[in-house]
Amino acid sequence: MDARFLYPLESCKIIHLLRHGQALHNVEAEKDRNALLSPHLFDAPLTDHGHQQVENLRERLVLRGVLKRVELVVTSPLLRTMQTAVGVFGNEDRLHNMTSSPSILALEVARDRNGVRPPDMRRNVSEYQALFPTIDFSQIVSEEDNLWRPDVRESEEEIFARGLEFMKWLWKRPEREVAVVSHGIVLQHMLYVFANDCDKPIRHDLCKRFANCEIRTVVIVDKGMSSSTEN
């Protein structure tokens, strides 16, 4: 047994990081990367295979008891991520004997890399509210998408800054077990925030590219809090 770290539970959070299921633009990009510039792929939805991935993941998480433990789901406000969030964690028309489901909150900071590519542009909030009545959109201040720009692609440095901002926000939340439904590159940069605290082999495995509908669970620790409890 190689137990090198010991922290009190109250200084830890369990975070389930989930990339959306296969979406239409993922399929088209495998054929031709230039397809990502097509306006026909605006806010790309899940494919039939993506919906099946979501259903399979939900069944696995139900069996593992994860759905009963998650207190909050944070989702990117794009169609494919919200379809995934509701499909995995929602309780609409389900027969899994769940008496409740976690709150689902949409946040701009969790959305995909902004700019240039139409699949990464969102619809108006009112459209989403009609499609996803159980999702809380109260943290999104603009009805229209004023973040996506047709001529400028968000840099990786900007995505990392978003990841840092998100993790700071998440740490202040009262929930101890949270799921985050987002996009591959954004989830990677959320993990990069803590990468230097890991050994190199662990960092490599933890921060590698996410597959569609892949979930990775991590524990984040407030070391300052755990230090103060020792004094």
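The values are calculated or read from the model by the stated rules, or taken from the named source; none is laboratory data. If you're wondering where the values come from, they're calculated on a predicted model, not measured in any experiment. Every residue, glycine among them, receives a Cβ derived from its backbone with ideal geometry; neighbour counts consider all protein chains shown. To get the accessible areas, we keep the full protein, side chains included, count just its heavy atoms, and leave off ligands, DNA and RNA. Shrake-Rupley method; radii C 1.70, N 1.55, O 1.52, S 1.80 Å.
Per-structure values
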item: Carbon and sulfur %, accessible surface of the range 9-221 computed with the full protein complex present, 1.4 Å; result: 51
item: Solvent exposure of the range 112-193 as accessible area per residue, Å², 1.4 Å probe; result: 50
item: Local electrostatic count at residue 178 - Lys and Arg +1, Asp and Glu -1, tallied over other residues with Cβ under 11 Å; result: +1
item: Charge tally in the Cβ shell below 13 Å around residue 153, where Lys, Arg are +1 and Asp, Glu are -1, residue 153 excluded; result: -4
item: DSSP-loop GluC sites (Glu not before Pro) across the range 42-131, with at most 11 other Cβ within 10 angstrom; result: 92
